[in-house]
Amino acid sequence: MILAHCIRLDPNKVQTTYLARAAGTARFAYNWALAEWGRQFQACILHPALPKPNEAALRRQLNAIKRTQFPWMLEVTKNAPQMAIMQLGRAFQNFFEKRARYPRFRRKGANDRFTLTNDQFQIDGKRIRIPKLGWLRMRESLRYTGRIVSATVSRTADHWYASISIDTSDAQLPPAENQGVVGIDFGVTHLATLSTGEKVSGPKALQTLLDRLRRLSRALSRKVKCSCNRKKAKARLARLHARIANVRANGLHQLSANITRRFHTIGIEDLHVTGMLGNRCLSRAIADMGFAELRRQLVYKAARRGCQVIVIDRWYPSSKTCSCCRYKLAVLSLDIRQWTCPECATHHDRDVNAAINLRNMAVSSIVSACGGEGAGPVREAQGETGSSEAGIQRKVNYA
């Protein structure tokens, strides 16, 4: 298993300047290769006999001209421009296989990073050695042992980080406690509602710091462009954005670690987050929760603990189906948080009832899979799909 350990670096001023130049070199090489790729592809359309562009050819072309046209590239590690073009090649591969959109140009300040191969750097305790720079202090040592694959040095706000990828065999965590199967309903009022009745509100970092974010954004907009005060205001705003992201990530990590440590099977809903963000009234609250990131963490942490995550069909009407008698309401508006089943007279909390239904669907998926092949850490479960109105109603069940 390949794991990445992100460690904060502690560079001095000279080292910070080198890291910024290396990131700028990588960004320039990426943008140059992207422009060349488009130009050569258009030439191939006009003249089919010409070869199609590819990342290997672009790397050779850059090596042939960089000593004369871009001599400043030689002042940083050679991995910075070469790995950037290789990343562009993977981006085009993902685009051609319809896994991503067309690659875009990198921007200064937003995409400050460069990658090193395992033969171009060394790790010694709390130090990392980068070519043409020397030893650089790290805030902590590597947590894992194994074969080091690569390292990506990036900047967030005014801090530099090294994400070191390691191919390790001791990545397994202690097995999950045997607390059975749990269903999790994601929402806005409560980030996660468990079938056990527990409700987790979530950190809501953006909502908490929104007033300060607005104040710093207004202060930045009033500064004169290219002035020193504008640079200072931009740095303050970047640090606040980084704090919001860190607070959100910390809350999601604590929640996902708690769930995967307790339950051996987890049932969640396949939410269409991109579509949900189209609701202008709730898009900010939805983005503040981090549903996609929580699902990602649950999947990989479940795999490390030997448990599994079962993803339920997004059109399954979990909120308006009675978890006791399976009676399904025709319509259940979002403002109704509690309802009583007209068939069995059971009073339901909307979110808890949905979580129980997700747990029941996970159990049904396990029963149907008994005797067959192992489904792995992630399994898809198809629920009963209601009418189109019912599906749309479930799709916008954010809270």
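Determine, yes or no, whether Asn229 is more than 30 Å from Ser365 (Cβ to Cβ), assigned to a helix (DSSP H, G or I) and without any contact (Cβ under 8 Å) to a residue 24 or more places away in the chain.
Considered against the rule, which asks whether it is more than 30 Å from Ser365 (Cβ to Cβ), assigned to a helix (DSSP H, G or I) and without any contact (Cβ under 8 Å) to a residue 24 or more places away in the chain, Asn229 comes out as yes.
Suppose the filter is surrounded by 13 or more Cβ atoms within 10 Å (Cβ to Cβ), within 21 Å of the chain's Cα centre (by Cα), hydroxyl-bearing (Ser, Thr, Tyr) and over 20 Å from Val14 (Cβ atoms); does Thr168 pass it?
It is false that Thr168 is surrounded by 13 or more Cβ atoms within 10 Å (Cβ to Cβ), within 21 Å of the chain's Cα centre (by Cα), hydroxyl-bearing (Ser, Thr, Tyr) and over 20 Å from Val14 (Cβ atoms).
Taking only pairs six or more apart or across chains, which ones have beta-carbon atoms under 9 Å, a first residue in segment 310-330 that is touching a residue at least 40 places away in the same chain (Cβ under 8 Å), and a second residue that is among the β-branched types (Val, Ile, Thr) and part of a loop (DSSP other than H, G, I, E, B)?
Filtered contacts from segment 310-330: Asp313/Thr385; Trp315/Thr385; Tyr316/Thr385; Pro317/Thr385; Lys320/Val331.
When you go through (1) in contact with a His (Cβ under 6 Å, 6 or more places away or on another chain); (2) without any contact (Cβ under 8 Å) to a residue 24 or more places away in the chain one by one for Gln93, which number turns out not to apply?
That leaves (1) as the condition not met.
Would you check which residues across segment 169-210 are more than 14 Å from Ile266 (Cβ to Cβ) and among the polar types (S, T, N, Q) and list them?
If the condition is that a residue be more than 14 Å from Ile266 (Cβ to Cβ) and among the polar types (S, T, N, Q), then Ser169, Gln172, Thr189, Ser201, Gln207, Thr208 are the ones that fit.
Taking the options Ala285, Ala292, Ala303, name whichever one is exposed (fewer than 15 other Cβ atoms within 10 Å of the Cβ) and among the aliphatic types (A, V, I, L, M).
Ala292
When segment 41-74 is examined, which residues are found to be within 33 Å of the chain's Cα centre (by Cα) and farther than 14 Å from Phe28 by Cα?
Phe41, Lys52, Pro53, Asn54, Glu55, Ala56, Ala57, Arg60 - these are the residues of segment 41-74 that are within 33 Å of the chain's Cα centre (by Cα) and farther than 14 Å from Phe28 by Cα.
If I filter segment 247-279 down to residues being among the polar types (S, T, N, Q), in contact with a helix residue (DSSP H, G or I) (Cβ under 8 Å, 6 or more places away or on another chain) and part of a helix (DSSP H, G or I), which single residue comes out as surrounded by the fewest Cβ atoms within 10 Å (Cβ to Cβ)?
Ser256
What are the residues in segment 327-345 that are in a loop (DSSP other than H, G, I, E, B) and over 21 Å from Phe186 (Cα atoms), if any?
Tyr327, Ala330, Cys341, Pro342, Glu343, Cys344, Ala345, listed by residue number.
Considering only residues of segment 75-99 that are more than 15 Å from Tyr30 (Cα to Cα) and among the aromatic types (Phe, Trp, Tyr), which is surrounded by the most Cβ atoms within 10 Å (Cβ to Cβ)?
Once the filter is applied, the top-ranked residue is Phe95.
Please specify each residue of segment 182-199 satisfying the condition of being surrounded by 19 or more Cβ atoms within 10 Å (Cβ to Cβ) and either on the phi > 0 side of the Ramachandran plot or in a strand (DSSP E or B) (or both).
Answer for segment 182-199, where residues must be surrounded by 19 or more Cβ atoms within 10 Å (Cβ to Cβ) and either on the phi > 0 side of the Ramachandran plot or in a strand (DSSP E or B) (or both): Val182, Gly183, Ile184, Asp185, Phe186, Ala192, Thr193, Leu194.
Just wondering, is there one or more residues in segment 1-11 that are assigned to a helix (DSSP H, G or I), crowded, with 16+ Cβ neighbours inside 10 Å and modelled with pLDDT of 95 or more?
The answer is no; no qualifying residue exists.
For segment 151-188, which residues satisfy the criterion of being in contact with a helix residue (DSSP H, G or I) (Cβ under 8 Å, 6 or more places away or on another chain) and of a type in the set (A, V, I, L, M, F, W, C)?
Within segment 151-188, Val153, Ala157, Trp160, Ala171, Leu173, Ala176, Val181, Val182, Ile184, Phe186, Val188 meet the criteria.
Any idea how many residues of segment 123-166 are touching a residue at least 40 places away in the same chain (Cβ under 8 Å), among the charged types (D, E, K, R) and either at positive phi or in a loop (DSSP other than H, G, I, E, B) (or both)?
Number satisfying all stated conditions: 5.
Return yes or no: is Pro317 surrounded by fewer than 21 Cβ atoms within 10 Å (Cβ to Cβ) and either on the phi < 0 side of the Ramachandran plot or at pLDDT 90 or above (or both)?
Here the answer is no, as Pro317 does not meet what is asked.
Can you name every residue in segment 110-122 that is free of Cβ contacts under 8 Å to residues at least 40 places away in the same chain and in a loop (DSSP other than H, G, I, E, B)?
Ala110, Asn118, Asp119, Phe121
Somewhere in segment 272-282, is a residue touching a strand residue (DSSP E or B) at 6+ places or on another chain (Cβ under 9 Å) and in contact (Cβ under 8 Å) with a residue 40 or more places away in the chain?
no
The values are calculated or read from the model by the stated rules, or taken from the named source; none is laboratory data. In this text the structure is predicted, and so the values were computed from the model without any measurement. Cβ sites come from the backbone with ideal geometry, for glycine too, and all protein chains shown count toward neighbours.
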